[in-house]
Amino acid sequence: MLDARALPKAELHVHIEGTFEPELIFEIAERNRIAVPYASVEALRSAYDFTDLQSFLNVYYAGMSVLRTERDYYDLTAAYLRRAAADNVRHAEIFFDPQAHTARGVPFAVVTNGIREALGDAEHELGISAQLILCFLRDQSAASAMQVLEAALRDRERIVAVGLDSGEVGNPPSKFERVFERARAEGFLTVAHAGEEGPPEYIIEALDLLKVSRIDHGVRCMEDASLVERLRRERVPLTVCPLSNVRLKVVRRLEDHPLKRMLDAGLVATVNSDDPAYFGGYVGENYTRSAAALSLTDAELGTLARNSFQASFLDTVVREHYLEELNELQGGPATVSRSSTV
Ligand code: HPA
Ligand code: ZN
């Protein structure tokens, strides 16, 4: 049995604010002289009992509200990258939510400077590469999103793409068509959370109106056979987050998760952690616990790792290097078809 935690992998769906562990929340709150309305780390952690996406978002925005200085954003990001490296994450494409900080008076550049500094240090010290995906909060207005995009145009280093997160139902991709059009014209790639709590139609809108390169979550595509066929044919990657889906009650139990059915349907599914400090596991644990619950084979785990690099925004040469490494780990080059790469 393959040690899935040790497989080289890319993480493509992780919110940096969702990696904020209770211990670090308390440490930074104290440093900034902000009161946390919980008596202890344990009391805070025990409040992580969610009924749906919105009940999580309330706690998530409250937690991140203690972040104020570049050093805070540095510490948050550095802690995630250390943890990710321990799961053999070689490359991470990390979401951040600028509006959740600028609305509290934290300047855009304080957020990006702190995060980028940590990314640079981790690249040298841990050998892990990373890029950023700026997410618009879809429960805020399109005008607010456009303002954030303007800020990013003045400060765009390492921001490879824009995305869409926060409360999904009632905030369809169509609301942000103009913002995404502008982002693409300025050279950003696009992704969007779609089909987590929202219907399959939101996935179709994200593809047709926002021209996304990947769908984040996307698990509800399984309700629409013609959409599954389209996603398979067009090889649209889906950044699936199994433990998140259990905690936010998108699925009842991990054993019921559609991940294996998605692979069986020929979809380019990847496994990711979403908000690991809140959902009970980093990416390695998402692999190992999904493997146990769904009886994933070694070949399927290898496919998930391969898909993570294939779906990444890495340069072709670097991507191929990681794919080669995975091929060699899984039975050597002689037994692995490379017909698509020669
Ligand atoms: N869905 C939508 N918005 C989010 C999530 C999520 O899983 N995590 C952080 N913001
Ligand atoms: Zn997410």
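The values are calculated or read from the model by the stated rules, or taken from the named source; none is laboratory data. This one's a predicted model, so the numbers in the text were calculated from it and none came from an experiment. Here Cβ is always computed from backbone atoms with ideal geometry, including for glycine, and neighbour counts include all displayed protein chains.
Restricting the search to the range 211-230, which residues are buried (at least 24 other Cβ atoms within 10 Å of the Cβ) and either over 18 Å from Phe313 (Cα atoms) or over 18 Å from the mean Cα position of the chain (by Cα) (or both)?
Looking only at the range 211-230, we keep the residues that are buried (at least 24 other Cβ atoms within 10 Å of the Cβ), and these are 212, 214-219, 221.
Answer for the range 211-230, where residues must be buried (at least 24 other Cβ atoms within 10 Å of the Cβ) and either over 18 Å from Phe313 (Cα atoms) or over 18 Å from the mean Cα position of the chain (by Cα) (or both): Gly218, Val219, Cys221.
With Leu314, Leu296, Leu323 as the choices, which residue is within 27 Å of Ala192 (Cβ to Cβ), hydrophobic (A, V, I, L, M, F, W, C) and either in a helix (DSSP H, G or I) or at pLDDT below 95 (or both)?
Values: Leu314 fails: either in a helix (DSSP H, G or I) or at pLDDT below 95 (or both); Leu296 fails: either in a helix (DSSP H, G or I) or at pLDDT below 95 (or both).
That would be Leu323, the only listed residue that is within 27 Å of Ala192 (Cβ to Cβ), hydrophobic (A, V, I, L, M, F, W, C) and either in a helix (DSSP H, G or I) or at pLDDT below 95 (or both).
Cβ-Cβ distance below 8 Å, separation of 6 or more or different chains: which pairs start in the range 202-215 with a residue that is on the phi > 0 side of the Ramachandran plot and end on one that is among the hydroxyl-bearing types (Ser, Thr, Tyr)?
From residues that are on the phi > 0 side of the Ramachandran plot, the pairs are Lys211/Thr190.
Go through (1) crowded, with 17+ Cβ neighbours inside 10 Å; (2) in a helix (DSSP H, G or I); (3) touching a Lys or Arg at 6+ places or on another chain (Cβ under 8 Å) and name the single condition Met146 misses.
Tallying (1) crowded, with 17+ Cβ neighbours inside 10 Å; (2) in a helix (DSSP H, G or I); (3) touching a Lys or Arg at 6+ places or on another chain (Cβ under 8 Å), Met146 fails exactly one: (1).
Is it the case that Leu67 is buried (at least 21 other Cβ atoms within 10 Å of the Cβ), of a type outside the set (S, T, N, Q) and under 21 Å from Ser129 (Cα atoms)?
The answer is no for Leu67.
Kindly establish whether Tyr278 is under 17 Å from Phe50 (Cβ atoms), hydroxyl-bearing (Ser, Thr, Tyr) and in a helix (DSSP H, G or I).
Details: under 17 Å from Phe50 (Cβ atoms): yes; hydroxyl-bearing (Ser, Thr, Tyr): yes; in a helix (DSSP H, G or I): yes.
Criteria met by Tyr278.
Among the candidates Asp139, Asp155, Asp121, which residue alone is part of a helix (DSSP H, G or I) and either closer than 27 Å to Ser213 by Cα or in contact (Cβ under 8 Å) with a residue 24 or more places away in the chain (or both)?
Numbers: Asp139 fails: part of a helix (DSSP H, G or I); Asp155 fails: part of a helix (DSSP H, G or I).
Just a single option satisfies the conditions, and that option is Asp121.
Output the residue which, of all residues in the range 231-245 that are of a type outside the set (Val, Ile, Thr) and buried (at least 18 other Cβ atoms within 10 Å of the Cβ), is nearest to the chain's Cα centre (by Cα).
Kept after step one, since they are of a type outside the set (Val, Ile, Thr), are these residues of the range 231-245: 231-235, 237-238, 241-245.
If we keep only those that are buried (at least 18 other Cβ atoms within 10 Å of the Cβ) as well, we get 231, 237-238, 241-245.
Values: Leu231: 19, Pro237: 13, Leu238: 11, Cys241: 8, Pro242: 12, Leu243: 13, Ser244: 11, Asn245: 13 Å.
Restricting to residues being of a type outside the set (Val, Ile, Thr) and buried (at least 18 other Cβ atoms within 10 Å of the Cβ), the top hit is Cys241.
Kindly establish whether Pro200 is at pLDDT 95 or above, of a type outside the set (Val, Ile, Thr) and touching a Lys or Arg at 6+ places or on another chain (Cβ under 6 Å).
The answer is yes for Pro200.
Being among the polar types (S, T, N, Q), assigned to a loop (DSSP other than H, G, I, E, B) and over 16 Å from the mean Cα position of the chain (by Cα), is that true of even one residue in the range 90-102? Before you say what the answer is, go through the steps one by one.
To start, the set of residues in the range 90-102 that are among the polar types (S, T, N, Q) comprises 99, 102.
Still in the running and assigned to a loop (DSSP other than H, G, I, E, B): none.
Scanning the range 90-102 turns up no residue that is among the polar types (S, T, N, Q), assigned to a loop (DSSP other than H, G, I, E, B) and over 16 Å from the mean Cα position of the chain (by Cα).
Does any residue of the range 212-228 turn out to be farther than 15 Å from Val268 by Cα and touching a strand residue (DSSP E or B) at 6+ places or on another chain (Cβ under 7 Å)? Walk me through how you get there before you give the answer.
Residues of the range 212-228 that are farther than 15 Å from Val268 by Cα, as a first pass: 223-226.
Still in the running and touching a strand residue (DSSP E or B) at 6+ places or on another chain (Cβ under 7 Å): none.
Scanning the range 212-228 turns up no residue that is farther than 15 Å from Val268 by Cα and touching a strand residue (DSSP E or B) at 6+ places or on another chain (Cβ under 7 Å).
Report, by residue number, each residue of the range 1-43 that is among the charged types (D, E, K, R) and buried (at least 21 other Cβ atoms within 10 Å of the Cβ). First the steps, then the outcome.
Of the residues in the range 1-43, the ones among the charged types (D, E, K, R) are 3, 5, 9, 11, 17, 21, 23, 27, 30-31, 33, 42.
Correct list: Lys9, Glu11, Glu17.
Which of the helices (runs of 4 or more DSSP H) found entirely inside the range 1-71 contain at least 2 residues meeting this: within 16 Å of ligand 2 (Cβ to nearest atom) and of a type in the set (A, V, I, L, M, F, W, C)?
Here the list reads 53-64.
Can you go through Ala194, Ala183 and tell me which one is more than 16 Å from ligand 2 (Cβ to nearest atom) and at negative phi? Write out each step before concluding.
On the way: Ala194 fails: more than 16 Å from ligand 2 (Cβ to nearest atom).
Result: Ala183 is the single residue among Ala194, Ala183 that is more than 16 Å from ligand 2 (Cβ to nearest atom) and at negative phi.
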